[in-house]
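What follows is one structure encoded as structure tokens, with my remarks underneath.
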Amino acid sequence: EIEQLENSLASLAGRENKIYGDAADVELRGETVPASISEQLTILESAKAELINTLAQRREEYQTLEARYERYTTRFRQLKKEDSK
């Protein structure tokens, strides 16, 4: 899931760059950037922020599970040593 979130974030960044490029092209032609482009950027920024928060949560969950697994592994080894005595 972390990898999927990272891919989604990269995809959003690519879309954001394209929209900024489109806006820059409009400005270079001396035209006013349409409100729809600004709205798209606002939506993308919101989605990006939400993805960043979700990604941070998933990474924290992963670290927690990884630490728990390490504790279980250590405890299992201890129990196995005690059982072999």
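Here is how the numbers come out for the structure above:
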{"quantity": "Verdict on T73 being without any contact (Cβ under 8 Å) to a residue 12 or more places away in the chain, of a type outside the set (K, R) and open to solvent by less than 70 Å² (accessible area, probe 1.4 Å)", "calculated": "yes"}
{"quantity": "So L41, is it of a type in the set (A, V, I, L, M, F, W, C), open to solvent by 90 Å² or more (accessible area, probe 1.4 Å) and more than 14 Å from the chain's Cα centre (by Cα)", "calculated": "no"}
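Rundown of residues vs (1) surrounded by 10 or more Cβ atoms within 10 Å (Cβ to Cβ); (2) hydroxyl-bearing (S, T, Y); (3) touching an Asp or Glu at 6+ places or on another chain (Cβ under 7 Å), yes/no style:
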site	(1), (2), (3)
N7	yes, no, no
A13	yes, no, no
N17	yes, no, no
A35	no, no, no
A49	yes, no, no
S84	no, yes, no
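The values are calculated or read from the model by the stated rules, or taken from the named source; none is laboratory data. Quick caveat: nothing in here was measured; it's all calculated off a predicted structure. Cβ coordinates were reconstructed from backbone atoms using ideal geometry, including for glycine residues, and neighbour counts include every protein chain displayed. The area values use the complete protein model at the heavy-atom level, side chains included, leaving out ligands, DNA and RNA. Shrake-Rupley method; radii C 1.70, N 1.55, O 1.52, S 1.80 Å.
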